[in-house]
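Written below as structure tokens is the structure these notes are about.
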Amino acid sequence: MKKVTVATDKPFAKEAVDKIRDIIADADFELALLEKYTEHQQLVEAAQNTDALIIRSDKVDAQVLRAGNRLKIVVRAGAGYDNVDLSAATETGVIVMNTPGQNSNAVAELAFGMMLFMNRNRLNSGTGAELRCKKLGIHAFGNVGKFVARIALGFGMDVYAFDAFVPKEVIEKEGVKALDSVEELYSMCQYISLHIPANTETKASINYNLLNMMPHGATLVNTARKEVIHEDDLLKIMEERPDFRYLSDIEPSKKAEFSEKFANRVFFTPKKMGAETGEANINAGVAAARQIVNFFENGDETFRVN
Ligand code: 3PG
């Protein structure tokens with residue numbers, strides 16, 4: 001009997017786990033749960049005796065993959081798979097998949113939650129600012145970027161996007177102006193919403209030169225990954241420009257310094273919570289379970305990333 005282990009440091013909503021359990025039971029597979037674990041070693045041990053892993057931002061490194069003596073597939077229930085060592089997975093013959101699009105709306109809504117919260121003085125009294133007619137630049141037009149665009153258009157924002165990998169027609173079909181370069185995007189837009197993945201090309205790529213191109217009242221919204229920001233450069237910009245704000249779904253590595261120096265101009269969620277809705281948990285968890293069953297029963301490798 002195939003065994004599927006859900007290993008989530010940040011657990012899915014109960015309803016999502018129940019739905020995963022049903023899908024696994026219908027396939028006559030066995031389900032194991034490892035939630036809210038505190039040591040990486042627990043994940044290593046969970047990988048030892050299972051055919052499949054469902055994870056979120058859990059760190060599946062070479063140690064986990066090598067421990068997986070019968071492990072065939074890891075599905076990251078979500079979009080970004082920078083937490084999985086893809087070359088170690090390929091080396092050990094483990095297939096890695098993600099579930100693109102399943103939690104994107106939740107992440108997009110949080111980007112607006114943070115913008116509104118900060119534009120209204122953290123919901124305290126005082127004069128705020130509106131989003132309507134402001135320029136929003138979407139950096140990378142994948143699933144989250146697309147949802148951000150739709151919400152922004154509803155708010156009456158002037159929406160621009162740059163994505164080196166998405167044809168301009170795809171962007172323009174959404175009613176968004178497609179730009180030719182990242183520099184153009186940052187120069188034009190007061191609000192930038194980041195949706196690039198974290199990889200060797202993008203890490204620390206949001207740097208001084210780019211950030212300093214942003215117009216007055218610059219607001220950088222990061223629901224992507226903290227690693228894409230060059231934190232020292234961002235600190236420097238914020239020192240130099242009292243108009244610059246940084247809102248991020250996950251604390252930066254230098255959180256203490258940002259908070260101490262720029263308390264009124266930063267907002268950070270303590271733990272990544274973009275995908276923390278019941279709907280996103282169900283969508284991503286169910287998709288992951290179905291992909292695993294489909295892989296074992298039909299050899300389906302759609303959404304494979306290695
Ligand atoms: C993703 O890449 O799907 C999001 O960042 C959500 O991550 P999470 O499942 O750890 O909340």
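With the condition kept exactly as written, say whether any residue in the stretch 126-148 is touching a Cys at 6+ places or on another chain (Cβ under 9 Å) and more than 19 Å from I229 (Cβ to Cβ).
yes
If you check A108, A62, which single one turns out to be touching a residue at least 24 places away in the same chain (Cβ under 8 Å) and more than 30 Å from F267 (Cα to Cα)? Can you show your working first?
Details: A108 fails: more than 30 Å from F267 (Cα to Cα).
Sole residue among the options that is touching a residue at least 24 places away in the same chain (Cβ under 8 Å) and more than 30 Å from F267 (Cα to Cα): A62.
Mind listing just one residue for me: the one in the stretch 248-290 that is closer than 24 Å to D18 by Cα, in contact with a helix residue (DSSP H, G or I) (Cβ under 8 Å, 6 or more places away or on another chain) and of a type in the set (D, E, K, R) and, of those, nearest to the ligand (Cβ to nearest atom)?
Once the filter is applied, the top-ranked residue is E276.
Return a yes/no flag: does the stretch 87-101 have any residue that is buried (at least 20 other Cβ atoms within 10 Å of the Cβ), within 13 Å of the chain's Cα centre (by Cα) and within 14 Å of the ligand (Cβ to nearest atom).
yes
Take A111 and decide whether it is out of contact with any Phe, Trp or Tyr (no Cβ under 6 Å at 6 or more places or on another chain) and not assigned by TED's automatic domain parsing to the domain that holds I138. Lay out the reasoning, then the answer.
Details: out of contact with any Phe, Trp or Tyr (no Cβ under 6 Å at 6 or more places or on another chain): yes; not assigned by TED's automatic domain parsing to the domain that holds I138: no.
Here the answer is no, as A111 does not meet what is asked.
Here is a yes/no grid of residues against (1) in contact with a Pro (Cβ under 9 Å, 6 or more places away or on another chain); (2) of a type outside the set (A, V, I, L, M):
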{"position": "L71", "(1), (2)": "no, no"}
{"position": "A79", "(1), (2)": "yes, no"}
{"position": "N83", "(1), (2)": "no, yes"}
{"position": "S87", "(1), (2)": "no, yes"}
{"position": "I95", "(1), (2)": "no, no"}
{"position": "N103", "(1), (2)": "no, yes"}
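In the stretch 273-295, how many residues are assigned to a loop (DSSP other than H, G, I, E, B) and either surrounded by fewer than 24 Cβ atoms within 10 Å (Cβ to Cβ) or acidic (D, E) (or both)?
Looking only at that region, the number is 3.
Is there any pair linking a residue in the stretch 1-25 that is closer than 16 Å to E297 by Cα to one that is of a type in the set (S, T, Y) and surrounded by fewer than 20 Cβ atoms within 10 Å (Cβ to Cβ), with Cβ under 7 Å and at least six apart or on different chains, and which?
Within 7 Å, no pair qualifies.
Based on this model, can you work out whether L53 counts as over 30 Å from A149 (Cβ atoms) and either assigned to a strand (DSSP E or B) or within 16 Å of the ligand (Cβ to nearest atom) (or both)? Before you say what the answer is, go through the steps one by one.
Numbers: over 30 Å from A149 (Cβ atoms): yes; either assigned to a strand (DSSP E or B) or within 16 Å of the ligand (Cβ to nearest atom) (or both): yes.
So L53 passes the test.
Would you pick out the residues in the stretch 1-37 that are of a type in the set (A, V, I, L, M) and closer than 23 Å to V64 by Cβ?
From the stretch 1-37, those of a type in the set (A, V, I, L, M) are 1, 4, 6-7, 13, 16-17, 20, 23-25, 27, 31-34; that's our starting set.
Selection gives M1, V4, V6, A7, A16, V17, I20, I24, L31, A32, L33, L34.
Among the residues of the stretch 103-117, is any surrounded by 21 or more Cβ atoms within 10 Å (Cβ to Cβ) and either part of a loop (DSSP other than H, G, I, E, B) or in contact with a Leu (Cβ under 6 Å, 6 or more places away or on another chain) (or both)?
yes
Hey, any hits in the stretch 65-83 for a residue that's part of a strand (DSSP E or B) and over 23 Å from T223 (Cα atoms)? Walk me through it before giving the result.
Within the stretch 65-83, the first condition is being part of a strand (DSSP E or B), and the residues that meet it are 73-76.
Still in the running and over 23 Å from T223 (Cα atoms): 73-74.
Within the stretch 65-83, one or more residues are part of a strand (DSSP E or B) and over 23 Å from T223 (Cα atoms).
For the stretch 70-86: of the residues being among the charged types (D, E, K, R) and either away from the ligand (no atom under 15 Å from the Cβ) or farther than 25 Å from D51 by Cβ (or both), which is surrounded by the most Cβ atoms within 10 Å (Cβ to Cβ)? Don't jump to the end; show me each part of the working.
Step one: filter the stretch 70-86 for residues among the charged types (D, E, K, R), giving 70, 72, 76, 82, 85.
Those still in the list that are either away from the ligand (no atom under 15 Å from the Cβ) or farther than 25 Å from D51 by Cβ (or both) too: 70, 72, 85.
Details: R70: 12, K72: 16, D85: 21.
The extreme case among them is D85.
Considering only the stretch 1-25, state which residues are in a helix (DSSP H, G or I), closer than 16 Å to Q291 by Cβ and either touching a His at 6+ places or on another chain (Cβ under 8 Å) or hydrophobic (A, V, I, L, M, F, W, C) (or both).
The answer is A16, I20, I23, I24.
List the residue pairs whose Cβ atoms are under 6 Å apart, where the first residue sits in the stretch 230-241 and is within 12 Å of A218 (Cα to Cα), the second is crowded, with 19+ Cβ neighbours inside 10 Å and at pLDDT 95 or above, and the two are 6 or more positions apart or on different chains.
Note: pairs meeting the criteria are I237/L211; I237/F244; M238/F244.
Across the stretch 195-234, what is the total count of residues that are away from the ligand (no atom under 16 Å from the Cβ) and surrounded by fewer than 18 Cβ atoms within 10 Å (Cβ to Cβ)? It would help to see each step written out before you state the result.
From the stretch 195-234, those away from the ligand (no atom under 16 Å from the Cβ) are 200-201, 204-220, 230-234; that's our starting set.
After this cut, where a residue has to be surrounded by fewer than 18 Cβ atoms within 10 Å (Cβ to Cβ) as well, the list is 200-201, 204-205, 207-209, 212-213, 215-217, 232-233.
Qualifying residue count, the stretch 195-234: 14.
The values are calculated or read from the model by the stated rules, or taken from the named source; none is laboratory data. Remember, predicted model here, so these are calculated numbers, not experimental data. When we count neighbours, we look across all protein chains shown, and the Cβ atoms used for this are built from the backbone with ideal geometry, even at glycine.
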